[in-house]
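Peer 1: Dropping the structure in here first, questions after.
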């Protein structure tokens, strides 16, 4: 148990630094810093849920479940509030920076690795729809394209044309419809 707690502390301290280090010569805005902090809190709470399963004392487990549940609700509230705060000037990444991301994505052999790669993209990164379309085209299966599309959509600067443009990357109409439904639910 102590080993898991130590690992969680290290992850909590190092992860924000790694994410900020990925930013291309840009100081994050306060809203972006807050979004990173909320993401880190959410990730840490997910990990805490996993560690909680190992607690055998019922009273302690129930108390921890209650505390984690409260923290998850607060994090979700903060995330919703921050979602309304967009950077004042949303500028997509340069072609050179995008080429680096696409190369890393294509280095992943399987869609499962590609999904992990997309999830790890810096939340301050911004893409054009054309760039997002190239990322989605790298996936083999519509189910994974849907997941990646849902992750990428909030990072796209020209969201108005996102769905019509990326729709051609899907093999089936059901994939296009599922992406639209998932994006509209958010």
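Peer 1: Does residue 116 satisfy the criteria of being in a helix (DSSP H, G or I), surrounded by 14 or more Cβ atoms within 10 Å (Cβ to Cβ) and at negative phi? Working first, answer last.
Peer 2: Values: in a helix (DSSP H, G or I): yes; surrounded by 14 or more Cβ atoms within 10 Å (Cβ to Cβ): no; at negative phi: yes.
No.
Peer 1: Would you point out which residue out of 146, 101, 68 is closer than 22 Å to residue 185 by Cβ and either modelled with pLDDT of 90 or more or surrounded by 14 or more Cβ atoms within 10 Å (Cβ to Cβ) (or both)?
Peer 2: Working: 101 fails: closer than 22 Å to residue 185 by Cβ; 68 fails: closer than 22 Å to residue 185 by Cβ.
From the options 146, 101, 68, the qualifying one is 146.
The values are calculated or read from the model by the stated rules, or taken from the named source; none is laboratory data. Not measured: the values here are computed from a predicted model. When we count neighbours, we look across all protein chains shown, and the Cβ atoms used for this are built from the backbone with ideal geometry, even at glycine.
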